[in-house]
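The values are calculated or read from the model by the stated rules, or taken from the named source; none is laboratory data. Values in this document were obtained by computation on a predicted structure and should not be read as measured data. Backbone-built Cβ (ideal geometry, glycine too); neighbour counts: all protein chains shown. Accessible surface areas use protein heavy atoms only, side chains included; no ligands, DNA or RNA. Shrake-Rupley method; radii C 1.70, N 1.55, O 1.52, S 1.80 Å.
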Amino acid sequence: MIKYTKLLFLLIIASSISSCASVIPKSGEVFTLEKCQQSSSADEQARYVEKADRISRALKDSPDNPFLYNARGVMYFCAGELARSLVNFSMAIDLNSSNPKFYINRGRSYAANSQHRMAFDDYNRAIELLPNNFESYLYRGRLFYSAGEKDRAIKDLDRALQLNPRDGRAYETLGRIALDESDYDKAVTYFTKSLDLKGSSVMVYYNRGTAYYFLGMREKALDDFNRAMKSSTESFEGLMSIGILHFDDGEYEKALSDFQKASKMRPVASEPLINTGHVYFRLGMYDKAIDYLNRAIERAPLDFDIYVMRGLAYYYTGRTEVALVDLNKAIELNGEDSKAFFNRGNILLSNGQINKAILDFNMAISIDPEYFEAYINRGHAFSETGDQYMAISSIEKAIRLRPGDHRGYQGRASALIRLGKYREALKDTETAFRLNPEFKPALIAMAELHIALGELKDACKMLSKAKESGSLDISYIQSAPIFRNIIKESCFKETVGSLPFSTN
């Protein structure tokens with residue numbers, strides 16, 4: 001759950017601010033918001049207000065000039081004064097209701113003020129006035145995307161590209177839609193096209209880097225994040241992105257350095273603290289992880305993910321009751337988070353509260369019907385209650401979800417052993433080992449099953465393989481009663497040697 005946010009990458013949404021080429025429009029010249037977003041600094045805001053004041057002086061001589069009102073609206077928008085920008089765009093429209101670009105500008109101002117219905121009305125009116133104006137479709141498509149109507153957004157953006165195939169902004173938004181849909185190859189294609197058409201863009205580099213990251217193309221992701229950092233005076237997102245790559249590569253010292261630098265850059269941000277806590281959690285330094293997560297909660301007390309991670313850190317330090325308090329808090333904040341129910345179920349299971357654990361695994365599965373691990377652990381919980389058939393039923397659902405994961409077969413084998421179905425359990429254990437040859441405990445488990453089936457020579461072969469792999473646990477074999485059935489076999493003595501078993 002490393003945070004970017006919540007291992008989902010923060011996507012930069014602010015683009016650079018460009019001043020308009022000329023403050024006072026020439027006759028009939030329409031100022032647009034194409035090169036302007038709302039200012040983020042007081043100095044920039046003051047400069048745009050000063051330009052608006054210069055246009056106000058011009059309006060004294062031309063009080064009925066709609067282009068001057070529109071230009072002043074643009075300056076107020078750039079200064080972040082949305083209410084004043086809306087008044088000016090409306091005045092421009094009152095004076096000239098047939099200019100589609102006035103409607104586009106007011107629509108963008110409405111959208112920035114979260115008045116989406118009004119923005120849609122203005123974009124629709126602009127399209128009525130000039131059906132082949134690609135900007136109307138571009139901005140309406142972006143607004144559909146913001147409203148979560150991705151199909152309609154794609155339709156409008158495709159139309160915008162038909163009218164203007166050289167507009168990189170449409171490709172940028174299509175890339176963000178593809179990124180949301182986890183179609184990372186398509187996202188890379190769109191973002192690359194946007195960069196080709198628009199040139200260097202901080203936001204597009206970060207978003208393409210994110211797509212490369214999820215494709216497992218770390219070098220390309222790192223290259224894009226570095227390019228974004230070089231293009232931006234604000235490198236917080238870059239440090240966070242590169243820190244995550246270092247974390248994933250096991251370079252924990254570098255990751256810590258990245259997150260700590262990011263924290264100094266934005267002292268009120270919670271994400272660097274969460275990620276620092278995650279690094280210490282991964283290193284097994286749970287108390288230190290708890291310290292950073294405590295500080296993160298002070299900054300983001302409603303972030304349920306922090307409580308999940310801190311609860312696990314408390315659990316690993318033996319503070320089970322405090323861990324459950326944190327998991328309860330996470331579920332209180334977000335009752336739709338399958339991870340919180342799953343982890344609380346695990347803690348309850350380890351604490352012997354089996355029926356409560358089963359209820360939590362059920363909740364995790366109801367939220368996420370493809371939660372493989374929840375089916376497995378619910379199976380283990382059913383097995384502990386003595387209901388092996390329910391255990392097998394739950395684990396078989398996990399196997400159907402991931403037939404190539406050895407844990408499903410090993411879990412089912414455990415339940416089959418408790419039912420005395422040793423041959424079936426042996427088959428499952430063999431499958432588990434074939435799927436994951438690094439799962440060395442399977443060798444000892446197969447040896448035990450061969451002994452239970454009376455196949456002592458086959459049991460010796462498994463023990464020999466365990467010895468060759470370095471996974472032969474003599475103390476376990478000496479303490480497990482089933483191995484007393486094989487101590488007289490010559491193959492056992494050759495593999496394990498003479499052990500002081502009690503034969504009583």
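Here ASP223, ASP185, ASP158 are screened, and the one residue that is farther than 22 Å from LYS264 by Cα, open to solvent by 20 Å² or more (accessible area, probe 1.4 Å) and within 20 Å of the chain's Cα centre (by Cα) is ASP185. Taking each residue of region 128-140 that is touching a residue at least 40 places away in the same chain (Cβ under 8 Å) and looking for partners that are of a type in the set (Val, Ile, Thr) and open to solvent by 30 Å² or more (accessible area, probe 1.4 Å) with beta-carbon atoms closer than 6 Å, six or more apart or interchain, yields nothing.
Can you tell me which of ASP53, ASP64, ASP43 is assigned to a loop (DSSP other than H, G, I, E, B), open to solvent by 40 Å² or more (accessible area, probe 1.4 Å), modelled with pLDDT of 65 or more and over 30 Å from ALA330 (Cβ atoms)? Please lay out each step first, then the result.
On the way: ASP53 fails: assigned to a loop (DSSP other than H, G, I, E, B); ASP43 fails: assigned to a loop (DSSP other than H, G, I, E, B).
Of the residues listed, the single one that is assigned to a loop (DSSP other than H, G, I, E, B), open to solvent by 40 Å² or more (accessible area, probe 1.4 Å), modelled with pLDDT of 65 or more and over 30 Å from ALA330 (Cβ atoms) is ASP64.
Out of the residues in region 332-370 meeting the condition of being within 16 Å of MET309 (Cβ to Cβ) and not in a helix (DSSP H, G or I), tell me which one is least open to solvent (accessible area, probe 1.4 Å). So the residue we want is ASP337. Filtered by the rule that a residue be aromatic (Phe, Trp, Tyr) and either closer than 19 Å to TYR137 by Cα or touching a strand residue (DSSP E or B) at 6+ places or on another chain (Cβ under 9 Å) (or both), region 150-190 gives TYR171, TYR190. Among the residues of region 422-461, which ones are of a type in the set (A, V, I, L, M, F, W, C), outside any helix (DSSP H, G or I) and closer than 17 Å to GLY411 by Cα? Within region 422-461, just PHE439 meets the criteria. Against the definition (in contact (Cβ under 8 Å) with a residue 12 or more places away in the chain, farther than 24 Å from ARG125 by Cα and crowded, with 17+ Cβ neighbours inside 10 Å), how does TYR48 come out, yes or no? So TYR48 passes the test. Evaluated against (1) open to solvent by 40 Å² or more (accessible area, probe 1.4 Å); (2) closer than 20 Å to ARG159 by Cα; (3) charged (D, E, K, R); (4) under 32 Å from the mean Cα position of the chain (by Cα), ARG117 falls short on exactly one condition, (2). Within the option set ILE477, ILE487, being surrounded by 17 or more Cβ atoms within 10 Å (Cβ to Cβ), aliphatic (A, V, I, L, M) and modelled with pLDDT under 90 holds for one residue only, ILE477. Residue-level check: of (1) open to solvent by 60 Å² or more (accessible area, probe 1.4 Å); (2) touching a Gly at 6+ places or on another chain (Cβ under 8 Å); (3) in contact (Cβ under 8 Å) with a residue 40 or more places away in the chain, VAL325 misses just (3). GLY404 falls short on exactly one of the conditions (1) open to solvent by 50 Å² or more (accessible area, probe 1.4 Å); (2) touching a residue at least 12 places away in the same chain (Cβ under 8 Å); (3) of a type outside the set (Asp, Glu); (4) in a helix (DSSP H, G or I), and that condition is (4).
For region 422-435, what are the residues that are open to solvent by less than 70 Å² (accessible area, probe 1.4 Å) and either basic (Lys, Arg) or over 15 Å from ALA398 (Cβ atoms) (or both)?
Selection gives ALA425, LEU426, THR429, PHE433.
One residue is enough: does region 231-249 have a residue meeting the conditions without any contact (Cβ under 8 Å) to a residue 12 or more places away in the chain, outside any helix (DSSP H, G or I) and closer than 30 Å to ASN343 by Cβ? Looking through region 231-249, none of the residues is without any contact (Cβ under 8 Å) to a residue 12 or more places away in the chain, outside any helix (DSSP H, G or I) and closer than 30 Å to ASN343 by Cβ.
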